[in-house]
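The values are calculated or read from the model by the stated rules, or taken from the named source; none is laboratory data. In this text the structure is predicted, and so the values were computed from the model without any measurement. Methodologically, a virtual Cβ is constructed for each residue, glycine included, from the backbone with ideal geometry; neighbour enumeration extends over all protein chains shown.
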Amino acid sequence: MTKLRIGVIGVGHLGKHHARILGEIARETGNVELTAVVDVLPDRAAEIAAPSGALAFTDFHQLYGKVDAVCLAVPTSDHARVGLELLENDIDVLVEKPITSTIDEAKALIAAAERNGRILQAGHVERFNPVVRAATEVATQPQFFEIHRLAVFTPRSLDIDVVLDLMIHDLDIVLSLVRSPVAEVRAVGIAVLSRKADIANARVEFQNGCVANLTASRVSFEKVRKLRFFQPSDYISVDYALQAGTMVSLRMGRVTERKLEPANAEPLRLELESFVDCVRTRKSPLVRGEDGLRALELAMMINEQIARRSN
């Protein structure tokens, strides 16, 4: 089987893990090759490329003719510019979340992928978390969500606010479970240690009556990543970090408790394995560009409400 040639563009905080895992997959399977690593810092590109013997570049244009697919982990403001060029040059793309900075840019990426017959996968990695997938399998008709995603402050991703940085993970999951248009959004956010909102709360109501209450913070003293949702006769609680959950149900007058304890696995590895499979088989990704757009649209609605309250 011909080796699939993959590159990683941007090997900072997240991109370096893309490169690490792709290197592991290459060594274990023999049918994938981490061909090249690109970063504006030449020393960083060389350091991350070295373990896999990949080429190190500072300009993504040097990838042309050398790779079949790319993981794009540059700053969000560059997603559209770089992603469009890659798609137009017949390269499949996994683009980190949020898919782009604007809705028009996301639509342009999706259109370019369709026009060129390319795979475009949005990097919403929590969708590959084993416990999230287990919860998705038992979801029937969620009516209320309570979600908390709290993180300690780090001086990265400050080009975007906490809604686009952290909350968007959970927005994507809610949208994947609630197949109903958004009816109303209320939100508040506060800038604490950066110039953009560092903590935010949003209440999203859907036309079918479902309500999602989401809190995200990147200025907390502890890490919390928990999702809870209620549906007729069921309560499901999930801890993203522990990859464990509980489902409490009422059936025939009896209350039962079921543990959601799937085999632990690194979500990013599952995401990359899925991307590789989609590139090889040309099947649609679990998280398509259109899913990235939907999450971005809802995030923008939330930020509009935050802006109105701030003025």
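Observations on the model:
- Pick from region 176-212, criterion among the basic types (Lys, Arg) and outside any loop (DSSP other than H, G, I, E, B), ranking: farthest from residue 140 (Cα to Cα): 186
- Tabulated pairs, region 209-222, first closer than 12 Å to residue 189 by Cα and without any contact (Cβ under 8 Å) to a residue 60 or more places away in the chain, second of a type outside the set (A, V, I, L, M, F, W, C) and part of a strand (DSSP E or B), C-beta under 8 angstrom, 6+ apart or interchain: none
- Neighbours by Cβ (under 6 Å, 6+ apart or cross-chain): first from region 170-194, within 10 Å of residue 204 (Cα to Cα) and of a type outside the set (D, E, K, R); second assigned to a loop (DSSP other than H, G, I, E, B) and modelled with pLDDT of 95 or more: 183/207
- Count - residues of region 240-259 that are over 17 Å from residue 177 (Cα atoms), assigned to a strand (DSSP E or B) and not basic (Lys, Arg): 8
- Some residue of region 65-72 being of a type in the set (Val, Ile, Thr), surrounded by 24 or more Cβ atoms within 10 Å (Cβ to Cβ), closer than 24 Å to residue 2 by Cβ and free of Cβ contacts under 8 Å to residues at least 60 places away in the same chain: no
- Residue 106 vs. criteria in contact with a Gly (Cβ under 8 Å, 6 or more places away or on another chain) and either in a loop (DSSP other than H, G, I, E, B) or buried (at least 18 other Cβ atoms within 10 Å of the Cβ) (or both): yes
- Residues of region 227-286 satisfying the condition of being β-branched (Val, Ile, Thr) and buried (at least 18 other Cβ atoms within 10 Å of the Cβ): 236, 238, 276, 279
- Strands (runs of 3 or more DSSP E) wholly inside region 13-80 that include at least 1 residues being within 30 Å of residue 162 (Cβ to Cβ): 32-38, 69-72
- Being crowded, with 20+ Cβ neighbours inside 10 Å, in contact with a Gly (Cβ under 8 Å, 6 or more places away or on another chain), outside the structural domain of residue 11 (by TED's automatic domain parsing) and not aromatic (Phe, Trp, Tyr) is a condition met by at least one residue of region 135-157.
- Any hit, region 239-260, residues being closer than 30 Å to residue 35 by Cβ and over 18 Å from the mean Cα position of the chain (by Cα): no
- Region 158-198 - residue that is among the polar types (S, T, N, Q) and crowded, with 16+ Cβ neighbours inside 10 Å and, of those, modelled with the highest pLDDT: 176
- Listed conditions (1) touching a Leu at 6+ places or on another chain (Cβ under 8 Å); (2) modelled with pLDDT of 95 or more are all met by residue 15, apart from (1).
Rundown of residues vs (1) under 15 Å from residue 82 (Cα atoms); (2) free of Cβ contacts under 8 Å to residues at least 60 places away in the same chain; (3) touching an Asp or Glu at 6+ places or on another chain (Cβ under 9 Å), yes/no style:
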{"residue": "105", "(1), (2), (3)": "yes, yes, no"}
{"residue": "108", "(1), (2), (3)": "yes, yes, no"}
{"residue": "122", "(1), (2), (3)": "yes, no, yes"}
{"residue": "127", "(1), (2), (3)": "no, no, yes"}
{"residue": "132", "(1), (2), (3)": "no, no, yes"}
{"residue": "138", "(1), (2), (3)": "no, no, yes"}
{"residue": "149", "(1), (2), (3)": "no, no, yes"}
{"residue": "161", "(1), (2), (3)": "no, no, yes"}
{"residue": "164", "(1), (2), (3)": "no, no, no"}
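- Selected residue (criterion: farthest from residue 4 (Cα to Cα)) from residues of region 73-96 that are of a type outside the set (Gly, Ala, Ser) and surrounded by 24 or more Cβ atoms within 10 Å (Cβ to Cβ): 79
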